[in-house]
Amino acid sequence: MGFYMDRHELDGATPDDLAAAHILDLEVQDRHGVRFLSYWVDYDRNAAFCLVQAPDADAAQAVHRASHGRLANEIIPVDPAAAERFLGRIDDPTGSGREPDNPFRIILFTDLEGSTQLCERLGDDEAMRLLRIHDAIIRAALARHGGREVKHTGDGIMASFASVQGGLAAAIAIQRGFAAHVADQSESPLRVRIGMSAGEPVQEGGDLFGATVQLAARLCAYADPGRTVVSSVIRDLAIGKGFAFGPPGEATLKGFSAPIALCELADPPAG
């Protein structure tokens, strides 16, 4: 098995189109012995890229042909070490089932705004199509920034990171992905809240528990749609790492006896 990078000309494809195409690739990849590890978009170059583990380039192309018909314009072999240096990691974070030895984690929760109303307004089939787009946007950000999906909550995802830099970069990528979706799909916009905390959660049966997890979930519920709220620990850990935050504040959150120090993650200009 080798690693390959393929390039697709966008040709007017929207973020939703790309997310849906990635989902279709994942649905048929096992038939061809292929693993699509991540994808990302470079709008300046009018191109989308996929990182693929495959027996050969033809197998990767065969998945595209069988799933959605959008064939890659170019597929080239890549050095796994070089790809890992670029992406941070290239193994599937949801498939290994492993956590780093260090028990310290960055915990991230997402929550889809108005998921119940979405089903009522659009019907189950259309709501599920949008939920698959929601999942693809978040999972692509997790894969690119070293996150592990802990569980799907029905209208959101809980993830963990070994580094604060990976968690914050993923949060920014997620919100940018949904902002692009809203710009393209004003009639059926998807917006998510994100909450983040850091600490040493308890691990049991592949899941994570404890005050750190509860705090991330409460911060997510506190956040406005399209915004990311983090604990003060996250902000302190990010000092010197190039991230920007709004003014510090406090909030009384359900289940916590004392006010919690928090702030919003600011999204720097893309580029």
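The values are calculated or read from the model by the stated rules, or taken from the named source; none is laboratory data. On a predicted model such as this, the values are computed, not experimentally measured, just so you know. When we count neighbours, we look across all protein chains shown, and the Cβ atoms used for this are built from the backbone with ideal geometry, even at glycine.
Miscellaneous remarks
- Within the range 218-243, residues that are under 15 Å from GLY167 (Cα atoms) have Cβ atoms under 6 Å from residues that are assigned to a strand (DSSP E or B) and polar (S, T, N, Q) in these pairs: SER231/SER197, counting only partners at least 6 apart in sequence or on another chain.
- For the range 207-216, the criterion of being under 23 Å from LEU112 (Cβ atoms), under 20 Å from the mean Cα position of the chain (by Cα) and surrounded by fewer than 17 Cβ atoms within 10 Å (Cβ to Cβ) is met by at least one residue.
- Residues satisfying the stated conditions in the range 189-224, i.e. at pLDDT below 90 and in a loop (DSSP other than H, G, I, E, B): PRO189, LEU190, ARG191, GLU200, PRO201, GLY205, GLY206, GLY210
- If only residues of the range 230-262 that are in contact with a Lys or Arg (Cβ under 8 Å, 6 or more places away or on another chain) and not in a loop (DSSP other than H, G, I, E, B) are counted, the one that is nearest to CYS220 (Cα to Cα) is ILE260.
- Of all residues in the range 223-259 being over 23 Å from GLU113 (Cα atoms) and among the β-branched types (Val, Ile, Thr), the one that is surrounded by the fewest Cβ atoms within 10 Å (Cβ to Cβ): ILE239
- Applying the criterion of at least 3 residues that are modelled with pLDDT of 80 or more and under 20 Å from the mean Cα position of the chain (by Cα) to the strands (runs of 3 or more DSSP E) found wholly in the range 1-74 leaves 47-54.
- So MET196, is it touching a residue at least 24 places away in the same chain (Cβ under 8 Å), out of contact with any Pro (no Cβ under 9 Å at 6 or more places or on another chain) and farther than 24 Å from ARG129 by Cβ: yes
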